[in-house]
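Student: Can you keep this structure in mind? I'll have questions shortly.
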Amino acid sequence: MKILLINQTFYPDIVATAQHLTDFAVDLAKRGHDVTVLAWQRGYAEPHPLYPAKEIYQGVKIVRVWPFAFGKKSKIARIIDAFFLNLSFAWKLLWLGRFDKVIAMTSPPLVGWIALLFSKCWKSKFIYWVMDINPDEAIELGWIKRGSFQAVVLEKALRAILKQSDYIVVLDRFMKDRLAAKGAREEKIRVISPWSHDDDLESILHEQNPFRERHGLRDKFVVMYSGNHSVCHPLDTLLEAALLLRKDPNVVFMFIGGGVRVKDVLEFKEKNSLPNIIYLPYQPRSEVKYSLSAADLHAVVMGDAFVGIVHPCKIYGILKIGRPFVYIGPKQSHIGDLIKKDVGYHVQHGDAVGLAEIIEKASMLATDQKTAIQKTEQSLAPQFSHDFLVPQFLQAITSL
């Protein structure tokens, strides 16, 4: 079949949606399908790297559009970028020809609506792969007001997509419930969580890990937040715990990734003169096994208002390597469901004292306790693995 995939980011970008879409596209191509990806020519992280307008990656044809890029410095700049990106996608779709299946993700907002229109014109099957939900996210972030013109337009567009889609893939049961409440028929919604990137992940012992040596982490207890520094994942409690533990020379807080809240991390570090905070940008995919394995305790964060709107997929890499983690967020959530299976610690937002106590407790775990944690987490990992989830996705899409 001829299959078109549409998203803001794709290979070689390393943000989560780009990595998952790349995995899926390559698997489709390996099964003999004619796969085209429509993406942005600029990278997600600032400063935006510029990628080729056309290239072929492992049998996947990549077509990239080149709109303006005002960046993420303000809401207006983001809105302008999204508008021109959608416009560029629509223009390019006029010339790409017909596809049997069209799969659209959710970045930028409204790209699903544009893809749906072309799918109807082509009489193609349309699959909506929901990575986040708007206008819900924009409203909770305070970018637009509930009931405003922008919110009404985005809500109507979303409901049209949900009604007209042939298939909808969501990331957890909370996201499914939210979309069902908006009118999506439950029989065409499938929960398929993001998968771990198994080929790039393995647990590396500290004494064999060059990442720890390179960044001066020998004999340190490393608390790590690795991933998107988004407003949806508030880091205040983690930062306050770093402040509380500033006099402990053995504990280091490492933040790895990108996003609008990187600035907050760096400003908090400077304001409070905290040498125990280290920041690094996103690591190349080939290096992630070293960076994730360098942690003694991972932090997974979910904002209270964003359950069912976004999904912290970083948890699957953590389970794969089997490091202890602490979840900062509401218990009624996907990560909360995992913690019920006897993995991970939990604190609510604002409980920096409780988080500091958990960090101290985790730092005193004996070797056999760490081994037990690793075995328990790794026993859960297969159900979130690439080899388990991608075939389900492929079967669902190709059988439409």
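The values are calculated or read from the model by the stated rules, or taken from the named source; none is laboratory data. Predicted, not measured: the structure shown is a model, and the values here were computed from it. Note that each Cβ is placed from the backbone with ideal geometry, even for glycine, and that neighbours are counted across all protein chains shown.
Student: Taking region 206-238 on its own, how many of its residues are within 21 Å of the chain's Cα centre (by Cα) and crowded, with 19+ Cβ neighbours inside 10 Å?
Tutor: Going through region 206-238 one residue at a time, the tally reaches 14.
Student: Taking G183 as the residue in question, decide whether it is without any contact (Cβ under 8 Å) to a residue 12 or more places away in the chain and assigned to a loop (DSSP other than H, G, I, E, B).
Tutor: Against the criterion (without any contact (Cβ under 8 Å) to a residue 12 or more places away in the chain and assigned to a loop (DSSP other than H, G, I, E, B)), G183 does not qualify.
Student: Looking at K331, K320, which is the one that is crowded, with 21+ Cβ neighbours inside 10 Å and closer than 27 Å to I192 by Cα? Show your work before the answer.
Tutor: On the way: K331 fails: crowded, with 21+ Cβ neighbours inside 10 Å.
Matching residue, one of K331, K320: K320.
Student: From the list L154, L201, L141, which one is more than 30 Å from W91 (Cβ to Cβ) and either modelled with pLDDT of 95 or more or aliphatic (A, V, I, L, M) (or both)?
Tutor: It is L201.
Student: Among the residues of region 186-194, are any in contact (Cβ under 8 Å) with a residue 60 or more places away in the chain, surrounded by 15 or more Cβ atoms within 10 Å (Cβ to Cβ) and farther than 28 Å from S124 by Cβ?
Tutor: No, every residue in region 186-194 fails to be in contact (Cβ under 8 Å) with a residue 60 or more places away in the chain, surrounded by 15 or more Cβ atoms within 10 Å (Cβ to Cβ) and farther than 28 Å from S124 by Cβ.
Student: Could you check region 239-271 and list, in sequence order, the residues that are in contact with a Lys or Arg (Cβ under 9 Å, 6 or more places away or on another chain), in a loop (DSSP other than H, G, I, E, B) and surrounded by 20 or more Cβ atoms within 10 Å (Cβ to Cβ)?
Tutor: Within region 239-271, G259 is the sole residue that qualifies.
Student: Continuing with the same structure: Of the residues that make up region 278-298, is at least one assigned to a loop (DSSP other than H, G, I, E, B), more than 26 Å from S107 (Cα to Cα), touching a strand residue (DSSP E or B) at 6+ places or on another chain (Cβ under 9 Å) and without any contact (Cβ under 8 Å) to a residue 60 or more places away in the chain?
Tutor: The answer is no, given that none of the residues of region 278-298 is assigned to a loop (DSSP other than H, G, I, E, B), more than 26 Å from S107 (Cα to Cα), touching a strand residue (DSSP E or B) at 6+ places or on another chain (Cβ under 9 Å) and without any contact (Cβ under 8 Å) to a residue 60 or more places away in the chain.
Student: Name, by its number, the condition in (1) under 26 Å from K314 (Cα atoms); (2) modelled with pLDDT under 95 that does not hold for Y167.
Tutor: Failing condition for Y167: (2).
Student: Only one residue in K289, K320 is of a type in the set (K, R), assigned by TED's automatic domain parsing to the domain that holds K220 and under 25 Å from M175 (Cβ atoms), so which one is that?
Tutor: None of the others qualify; the one that does is K320.
Student: Next question, about the same structure. Here are some residues: V111, V130. Which one is closer than 23 Å to Q395 by Cβ and outside the structural domain of V307 (by TED's automatic domain parsing)?
Tutor: Numbers: V111 fails: closer than 23 Å to Q395 by Cβ.
Unique residue meeting the criteria: V130.
Student: Taking into account only those residues within region 172-218 that are of a type in the set (F, W, Y) and in contact with a strand residue (DSSP E or B) (Cβ under 9 Å, 6 or more places away or on another chain), which is farthest from F255 (Cα to Cα)?
Tutor: Residues of region 172-218 of a type in the set (F, W, Y): 174, 195, 211.
Filter again for in contact with a strand residue (DSSP E or B) (Cβ under 9 Å, 6 or more places away or on another chain), leaving 174, 195.
On the way: F174: 27, W195: 22 Å.
Ranking the candidates gives F174 first.
Student: Could you please give the count of residues in region 349-386 that are outside any helix (DSSP H, G or I) and in contact (Cβ under 8 Å) with a residue 40 or more places away in the chain?
Tutor: 5
Student: Looking only at residues that are touching a Gly at 6+ places or on another chain (Cβ under 9 Å) and among the charged types (D, E, K, R) in region 293-329, which one is nearest to K375 (Cα to Cα)?
Tutor: Checked region 293-329; the qualifying residue nearest to K375 (Cα to Cα) is K314.
Student: Here's another thing I want to ask about it. What are the residues in region 137-171 that are in a loop (DSSP other than H, G, I, E, B), touching a strand residue (DSSP E or B) at 6+ places or on another chain (Cβ under 7 Å) and surrounded by fewer than 20 Cβ atoms within 10 Å (Cβ to Cβ), if any?
Tutor: The answer is D166, and nothing else.
Student: Something else: In region 280-287, is there at least one residue being among the small types (G, A, S) and within 30 Å of M131 (Cα to Cα)?
Tutor: Applying the first criterion (among the small types (G, A, S)) to region 280-287 yields 286.
Narrowing the set further to residues that are within 30 Å of M131 (Cα to Cα) leaves 286.
Yes, that holds for at least one residue.
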